[in-house]
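Asks: Supplied in structure tokens, the structure appears directly below.
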Amino acid sequence: MTIPAPIAHTVQQTQEWLKELRDNAGLEDEATALSVMRIVLHQVRDRLSAEEAVDLAAQLPIIVRGLYFEGWRPGQSPQKVHTKQKFLDQVTLQLLPRQIPPEPAVRAVLAVLAHHCDPGEIGDVIGQMPSELKELWPAGAVALARRPSQH
């Protein structure tokens with residue numbers, strides 16, 4: 001059986017993203033990276049308006065997009081979390097029983113997003129985040145998000 005090109009491409013993209021996350025976050029393997037990515041993507045998604053959550057999803061490889069939408073309830077978004085510590089506490093709870101430091105894991109996932117997604121879209125996502133959560137994104141992405149729109 002031949003695997004259709006779009007499926008093969010998204011598998012390759014997803015593997016690249018997971019390897020990058022594994023390496024940048026110092027995670028044990030790609031399976032752990034997949035769990036970390038899912039948890040952080042859900043936390044980000046649930047802080048966005050439904051429209052922005054869908055716009056970000058369009059930037060993700062199809063497999064990652066499926067993880068991103070898993071369990072989503074658009075009517076319950078955006079959830080308000082205004083402090084970095086509360087955000088990280090929620091990530092920590094989701095990571096259990098794994099003992100993974102949450103802040104480096106979150107920063108690594110956000111760096112993968114900033115690296116692979118359209119900078120304008122990442123700027124829109126960052127724009128919806130409370131200021132303490134913006135600090136978790138790579139500095140270059142935050143700087144781009146602060147620039148005035150060119151529309």
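The values are calculated or read from the model by the stated rules, or taken from the named source; none is laboratory data. All figures in this text were calculated on a predicted structure; none of them were measured in a lab. Cβ: placed from backbone, ideal geometry, glycine included. Neighbour counts: every protein chain shown.
Asks: Quick one: ILE62 ticks every box in (1) out of contact with any Lys or Arg (no Cβ under 9 Å at 6 or more places or on another chain); (2) farther than 21 Å from ARG22 by Cα; (3) hydrophobic (A, V, I, L, M, F, W, C) except a single one, so which number is it?
Replies: Status for ILE62: all satisfied but (2).
Asks: Over 25 Å from GLN12 (Cβ atoms) and either in contact (Cβ under 8 Å) with a residue 12 or more places away in the chain or small (Gly, Ala, Ser) (or both): does that describe VAL44?
Replies: So VAL44 fails the test.
Asks: Here's something else I'd like to know. Using the structure shown, decide if GLY26 is within 25 Å of PRO104 (Cα to Cα) and exposed (fewer than 15 other Cβ atoms within 10 Å of the Cβ). Walk me through it before giving the result.
Replies: Numbers: within 25 Å of PRO104 (Cα to Cα): yes; exposed (fewer than 15 other Cβ atoms within 10 Å of the Cβ): yes.
In short, yes.
Asks: While we're looking at this one, here's another question. Name the residues in region 88-103 that are surrounded by 14 or more Cβ atoms within 10 Å (Cβ to Cβ), in a helix (DSSP H, G or I) and not charged (D, E, K, R), would you?
Replies: LEU88, GLN90, VAL91, THR92, GLN94, LEU95, PRO102
Asks: Kindly list, by first and then second residue, each pair from a residue in region 68-93 that is closer than 15 Å to MET37 by Cα to a residue that is small (Gly, Ala, Ser) and modelled with pLDDT of 95 or more, limited to pairs with Cβ atoms under 6 Å and residues at least 6 apart or on different chains.
Replies: TYR68/ALA57
Asks: Taking interchain pairs and intrachain pairs at least six residues apart, which have beta carbon atoms under 9 angstrom, with the first residue in region 113-124 and more than 16 Å from LEU21 (Cβ to Cβ) and the second among the small types (Gly, Ala, Ser) and not in a helix (DSSP H, G or I)?
Replies: Qualifying pairs under 9 Å: GLY120/SER149; GLU121/ALA58; GLY123/SER149.
Asks: If a residue has to be within 13 Å of the chain's Cα centre (by Cα) and among the β-branched types (Val, Ile, Thr) to count, how many in region 58-107 make the cut?
Replies: 3
Asks: So which residues in region 127-151 are buried (at least 20 other Cβ atoms within 10 Å of the Cβ) and at pLDDT 90 or above, if there are any at all?
Replies: MET129, LEU133, LEU136, TRP137
One line per residue, one yes/no per condition, for (1) more than 16 Å from the chain's Cα centre (by Cα); (2) assigned to a helix (DSSP H, G or I); (3) among the hydroxyl-bearing types (Ser, Thr, Tyr); (4) buried (at least 19 other Cβ atoms within 10 Å of the Cβ):
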{"residue": "ILE3", "(1), (2), (3), (4)": "yes, no, no, no"}
{"residue": "GLN13", "(1), (2), (3), (4)": "no, yes, no, no"}
{"residue": "GLU16", "(1), (2), (3), (4)": "no, yes, no, no"}
{"residue": "THR32", "(1), (2), (3), (4)": "no, yes, yes, no"}
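Residue-wise test of (1) of a type outside the set (Asp, Glu); (2) in contact with a helix residue (DSSP H, G or I) (Cβ under 6 Å, 6 or more places away or on another chain).
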{"site": "PRO6", "(1), (2)": "yes, no"}
{"site": "THR10", "(1), (2)": "yes, yes"}
{"site": "GLU28", "(1), (2)": "no, no"}
{"site": "SER35", "(1), (2)": "yes, no"}
{"site": "SER49", "(1), (2)": "yes, no"}
{"site": "ILE62", "(1), (2)": "yes, yes"}
